[in-house]
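Before any comments, here is the structure.
The values are calculated or read from the model by the stated rules, or taken from the named source; none is laboratory data. All values reported here derive from a predicted model rather than from experimental measurement. Cβ: placed from backbone, ideal geometry, glycine included. Neighbour counts: every protein chain shown. Ligands, DNA and RNA are excluded from the accessible area calculation, which covers all protein heavy atoms including side chains. Shrake-Rupley method; radii C 1.70, N 1.55, O 1.52, S 1.80 Å.
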Amino acid sequence: MRVRVFDTTLRDGEQTPGISLSPDQKLSIAKKLDALGVDAIEAGFPVISDGELKAVKMITSEGLTAEICGLCRTHKKDIDAAIDGGLNYIHTFIATSDIHLEHKLKMTREQALEKAIEAIEYGKSHGLQVEFSAEDATRTDREFLKKVFSEVAKAGADRIDIPDTVGYATPEYISQITRDSIEATHLPISLHCHNDFGLAVANALAGIRAGAQCAHVTINGIGERAGNASLEEFAMALQCLQWDQKYETGIKSQLIYETSRYVSSLVGVQVQPNKAIVGDNSFGHESGIHTHGVLSNPLTYEPISPELVGRKRWLQVGKHAGIHGMNAMLEEYGIKPSTDQSKEILDKVKILGDQGKQVSDVELLSIASEVLGDSGIKRIVHLTGFSVSTGIGTMPYAFVKLNIDGEDHIGTDYGVGPVDAALNAIQKITGKISEIRIKDYGLASISGGSTALCEVTVKVEDADRNKVSAKSVGEDIVTTSVQAVIDGINRIMLKKMLKEKLAKN
Ligand code: MN
């Protein structure tokens, strides 16, 4: 069965607290969603602002393959705004649960139904495709919900959506009301599930199993409160799990990870590390037993291959590590320690792990070279001088002195702020030496107050596209940032040096 994917990243997803996107940003996400292969894109809520209307116009004039939809209340002016935005497909909604009717709309059930019918007739009279949502459907009286759906179908609605507005439904109940809705309307049914109890995807799947054809989803599951059903989980569950029939979507799964990263960086919402499919850890292994299994056959501890969703597996050593995983990592650098040497390296790794430290491949390589008796490896870049000046009415300016491989280098530069100036100055020096660039910079405060500790994470990349991340913690944002960057540069130069050395051997 072909399942329709209705993406609402740009509407419900944008309603995530703290998110707001410019029209250009919305357009660029719409293009990504289109390339990913979603069937429909809910581009926004045209009536809410000029910017929103502009974004919808930009998206409708882009000539994308996906159908473009806009959200409207049952008000004529909302539908007029949608038409103005170039839409020929609207998603109109009105609440039908008693709690919404009484406390929000101050309407009777009959009045709400009348408004719904009016909106559908108005939309149809303008030649629009109309999808109707009974907001808070899952807390609506079941008989009344059937009546609403049956009446809006008679009024000409093209599609019915069942919103689990506060994520309150169980999969069993979703199945029941999906069947009710099919019986009452004979129209294509969609589910719009929220994740307040972590059941959004399970509920959307329950709806599909009960005969619905579509689910409203968002990239990374973003959306109001706990978010919506996530596109990547929904699509991959349909494609990969064992069902008694085959399900297909138009999603090009290899683009999932890239799209997830893109949306995350544009909306500024980090993906939790243990998030299914797209989280950092979802294809990472540290435990010795798991790593050993994965190395002999990935399917032992991975339900699907990471490449299927555009990702790569990664292994890490730490206190849960085993010899096999560690040796596999060393082998990538051509290092083949003897059995005794392996044990010694692993013991050292575990000591670091027990201290709560992460052991990246660079640390692993340094430990290995220590054990293998290669003492020629040390820090290559030393920070020997540093100052910044900043204030009001002056451009922030930084001076940096680095000693690289015994040679002194001086860099100075301006920036939008002191951190930027310092990083620019460093980049000026290292860019000349080995084309090292700072790719990512993240700052987080660890504790409160003006003496708070800050944590800086940076990613640096060299000309060969090797990437290394480094972290530093301190009280001074600027100095901590500089230290993190220098640390990252050291790591990446070390990695490069080791690679070259090993290539020669
Ligand atoms: Mn919603």
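Note: segment 303-349, Cα convex hull, 87 Å³ per residue. Peptides 276-289, 95-108, ordered by how many other C-beta atoms sit within 10 Å of their residues on average, highest first, read 276-289, 95-108. Axis of helix 231-240 versus longest Cα principal axis of the chain: the two differ by about 90°, to the nearest ten degrees. Size of segment 183-264 from its Cα atoms: along the principal axes, largest to smallest, the extents are 40, 29, 21 Å.
Couplings 3J(HN,Hα) for segment 40-52, derived from phi with the Karplus relation 6.51 cos²θ - 1.76 cosθ + 1.60 (θ = phi - 60°), are 9, 10, 7, 7, x, 10, x, 6, 6, 7, 5, x, 5 Hz, where x marks Gly and Pro. Carbon and sulfur atoms: what percent of the 1.4 Å accessible area of segment 381-504 do they account for? The C+S portion of the solvent-accessible surface of segment 381-504 is 51 percent. I need to check one value: relative contact order of the chain, counting alpha carbon pairs closer than 8 Å and at least 6 residues apart, in percent. After rounding, I find 9 percent. The modelled label-to-label distance between S296 and M1, using points 7 Å beyond Cα along the C-beta direction, is 4.0 nm. I48 sits among other residues whose Cβ lies under 12 Å from its own Cβ, and their net charge, with Lys and Arg +1 and Asp and Glu -1, is 0. Antiparallel beta bridges, as assigned by DSSP with both residues in the chain, represent about 50 percent of the total such bridges. At q = 0.11, 0.16, 0.25 Å⁻¹ the log10 of I(q)/I(0) for segment 286-377 amounts to -0.32, -0.64, -1.28, computed by Debye summation with a single uniform scatterer per C-alpha, solvent ignored.
With the highest mean first, a sort of the peptides 46-59, 143-156 on other beta-carbon atoms found within 10 angstrom per residue produces 46-59, 143-156. Our summary gives segment 286-377 a relative contact order of 27 percent, counting only alpha carbon pairs under 8 angstrom and 6 or more residues apart. Helix 171-185 and the longest principal axis of the Cα set of the chain meet at an angle near 40°.
Enter the mean projected area of the convex hull around the alpha-carbon atoms of segment 381-504, in nm², rounded to one decimal.
Working: hull surface 32.0 nm².
For segment 381-504, averaging the hull's shadow over all directions gives 8.0 nm².
Using the Cβ-Cβ distance between E500 and L241 with R0 set to 60 Å, the FRET efficiency works out to roughly 0.85.
For segment 1-59, the Kirkwood hydrodynamic radius from C-alpha pairs, put into Stokes-Einstein at 20 °C and a viscosity of 1.002 mPa s, yields a diffusion coefficient of 183 µm² per second. Divide the volume of the convex hull around the Cα atoms of the chain by the residue count and you get 185 Å³ per residue.
Averaged per residue, the chain has 46 square angstrom of accessible surface, using a 1.4 angstrom probe with ligands and nucleic acids left out. Taking 0.36 nm per residue of separation and subtracting the current Cα-Cα distance, fully stretching the chain between M395 and E102 would add 99.8 nm. Ligands, DNA and RNA left out, the 1.4 Å accessible surface of segment 1-144 is 49% carbon and sulfur atoms. Taking Cα centre as origin and charging only the Cβ of basic (Lys, Arg, +1) and acidic (Asp, Glu, -1) residues, the dipole magnitude of segment 4-267 rounds to 140 debye. Under the simplified labelling scheme, the D84-E143 pair shows an inter-label distance of 4.3 nm, with each label point 7 Å from Cα along Cα→Cβ.
In summary, the lysines within cross-link reach of K146, defined as a Cα separation below 28 angstrom excluding same-chain residues under 8 places away, comprise K76, K77, K104, K106, K115, K124, K154.
Give K467/K495; K459/K495; K336/K495; K319/K495; K26/K312 a once-over and call out the pairs whose C-alpha atoms are over 19 Å from each other.
Working: K467/K495 10 Å; K459/K495 14 Å; K336/K495 17 Å; K319/K495 23 Å; K26/K312 28 Å.
The pairs that break the limit, which is 19 Å between Cα atoms, are K319/K495; K26/K312.
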